[in-house]
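This report concerns only the one structure given below.
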């Protein structure tokens, strides 16, 4: 008797803890301060972006430096929905996902023609092209950008109900709504990635990353798997971008397409936490948030140190902080390795 | 006399897979030693360990009594141990002459070998000297690979499977160069699957099986039965 | 905006020789745009040559390449200001410093991660890019700087049909010379032979007594010498500040891909195509300058994914 399983004892405990955490996250606004909610919004959105980058780069081997394209186009699509067509900002977030999906198609078409390291700069070029084109969009403020109109932000669906429920002002209620949406996106993204990695497609993805040609020779349709993962990650990134700018309510091409904010930080989070594992970005985003809170006042010194930290991590702990922890204690909260358990072996 | 090359209890592994289990061998100056064995016996791993492509404990490989087991390949080569790698491995971006010149980039002074003497040894290469190395026939490529190794005037030449994939008449041409190479003073180690060929040119023979030396004897004293036993295991 | 210094001054020619037919004026303006674009391409080829060299030898893309160009420009600027030297002499002093820096970067950092997995070197050079940008911001501030070149800045040569700035011409000439010398090094010297052999097969190269890690360090050092040359012209032709590195990396990358990986003369052609596209774009609408360059790159990528002059062996 034998069975193949991915479950470990730690993963069972982690699964229960995750459910408890999500429930706690849902009810948190009832007793948390507004600034904590805002911090958590930041942590959850950066976590989601880092998980998505980790999916395409860490698991898929496609090192994109152009994720800011999806954040930016998602945010601008949401703004277009609100300003041009009078949509409510929350449903307009969906437009962000659609726009990012549509942008990802030509981006993949171009970037997949470039091998290895050049893929990275190829995605960056397309993000730049998108930024420059959007800066020509005069009705959305061109190069200087624009803000969400007051009347659109003042009666977002659900805000009034939240304000009444917790007995708070509209502004605080908007933060809570954004936080809940960020929580939903983060949990949804991580659950989807986890499910994907445990599926046959996940195995195919690992095969493609390790060796494109070999994977093809055993019948994995490498191109299809890459497209699937790239487009899904882009769509989700677009949703996150739109959500971030619902909260910010002010947009400009330079900010929305910032390579530092939406790609460099995200890469640092994944690298420092640990590439190629779900636990990595979770740990990484907490470290990043801690550093940001403690040192952001130091401005460019802080960024300098962050860059050096990423270099040192890559040199001496290439699998990140979580890699160190997993090596030391052998823990896997989200196991994807298949392990063979021989039940007969216990007797003999 | 101190051997040029000696291995003492040489072990090697690729990850979990052990390929060599304590090889002891020695090569004296001017000697020609053949290493024979079936596919997977560990011959190529042995060559990779000696040349420093695989790194070992320092004392496992000795050059003139000095430990070199942990030196990288370029430093081993600079000590006068040159290699004709299995599969020839010419540089595709380099012409025939450039392939030879790169072998002589690290030259030990006072030796016999230079571009001119290599072209005397293999006259055909002179005509093809501006062709890309990979445009040549298999036999000619093998000549370039041997010439390339000789260009450094090594005191020990390691030849890994030089006859692999070549027609018998071509193999004969290549082996015809061996006396001249030995005459110039180099000791030679030949890794061969062609046992008859190996026995006809070597002074001594080592036979490897599954990562161990199973037979070691002067080539003249060796019997077919002994080789058969060493090659395929003891008859049961 | 880099090429403002080299934009055509077509308006000034109207008065000379009385009234010209309109179509002739238009033709002359476009000829002028074309020439300025090609000359601008020389600068981009200088940005690209170092990137191409390093990629050709060790399949490594240095994402901090643009920031290293800006760093070299600051180095030259500081030398000019502190020692009161002419910019060209200052570049001569900066070049060995940059060589040493590139050598050390490769030897002590990148050699540890160069290999089959492309992720570590990419992420390390990306970290370096961010660190360099912010380090320069802290030391040199965000102010725009310029390397003063005196009369050379405004000097020009009147060729009748078009007027060419001396500095853009000098840039282009330097790019041609640099690529010529690099090709000579590559194809006629012992170190060039070692570069090519190591690029083909590092393990077999090491069996020839070559230390591949030493070769890699030499190559990155050499690339930084070209970076210094690029920085000299970048700094003399236009304003620069710590934030402009990534855009230079992108131009360099586009020139390399258009030219075909591993072909240095192709890189010059690639630079010229980006340069022409940018000046043509700027002629139509100044806001389209950068965009037009990127679009030309994407167009080439569709038509010839392996570039204009792909190397036979890859």
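Coordinate-derived values only; no laboratory data. All values derive from a computational prediction rather than experimental measurement. Positions of Cβ are generated from backbone atoms using ideal geometry, with glycine treated the same way; all protein chains shown enter the neighbour counts.
At a Förster radius of 25 Å, what calculated FRET efficiency corresponds to the Cβ-Cβ distance of residue A:144 and residue C:138, to the nearest 0.05? Efficiency, rounded to the nearest 0.05: 0.35. Taking square-rooted eigenvalues a ≥ b ≥ c of the alpha carbon gyration tensor, is the range C:86-211 rounded, prolate or oblate, where a/c under 1.5 means rounded and, failing that, a/b exceeding b/c means prolate? Note, shape of the range C:86-211 comes out oblate. Between residue B:70 and residue B:184, the modelled labels are 3.4 nm apart [label points 7 Å from Cα along Cα→Cβ].
An oblate overall shape is assigned to the protein assembly as shown, the ratio a/c of its alpha-carbon gyration tensor axes (a ≥ b ≥ c) being 1.5 or greater and a/b not exceeding b/c. Angle of helix C:264-284 to the longest C-alpha principal axis of chain C, folded into 0 to 90 degrees and rounded to 10: 40°. Comparing Cα centroids, the range A:77-109 and the range A:45-62 end up 21 angstrom apart.
Measuring between their Cα centroids, the range C:260-291 and the range C:195-256 lie 20 Å from each other.
Each of residue B:135 and residue C:92 was given a label point 7 Å from its Cα along the Cα-to-Cβ line. The distance between the two points is 4.3 nm. Against the main long axis of the alpha-carbon atoms of chain C, helix C:190-200 sits at an angle near 80°.
Between residue C:25 and residue C:166, the FRET efficiency estimated from the beta carbon spacing at R0 = 25 angstrom works out to 0.50.
Relative to the longest principal axis of the Cα atoms of chain C, the long axis of helix C:212-237 makes an angle of roughly 20 degrees.
Which whole-number percent gives the relative contact order of the range C:121-256, counting Cα pairs below 8 Å spaced six or more residues apart? Could you put the intermediate results ahead of the total?
Working: 79 pairs, mean separation 49.5, N = 136.
Averaging sequence separation for qualifying contacts and normalising by length gives 36 percent for the range C:121-256.
Taking 8 Å as the Cα distance limit and 6 or more residues as the minimum spacing, I'd like the relative contact order of the range B:5-232 as a percentage. Answer for the range B:5-232 is 27 percent. Distance between the modelled labels on residue B:226 and residue C:152, one decimal in nanometres: 7.8 nm (7 Å Cα→Cβ projection).
Can you give me the relative contact order of the range A:71-205 as a percent, contacts being Cα pairs under 8 Å and 6 or more apart?
Details: 91 pairs, mean separation 24.0, N = 135.
Relative contact order comes out at 18 percent.
Using alpha carbons only, how many angstrom separate the centre of the range B:1-40 from the centre of the range B:163-196? If you average the Cα positions of each part, the centres end up 19 Å apart. If R0 is taken as 51 Å, the Cβ-Cβ distance between residue B:57 and residue A:203 corresponds to a FRET efficiency of 0.85.
Need one word for the range A:269-308: rounded, prolate or oblate. Basis is the Cα gyration tensor (sqrt eigenvalues a ≥ b ≥ c); a/c below 1.5 gives rounded, then a/b vs b/c decides. Verdict is oblate for the range A:269-308.
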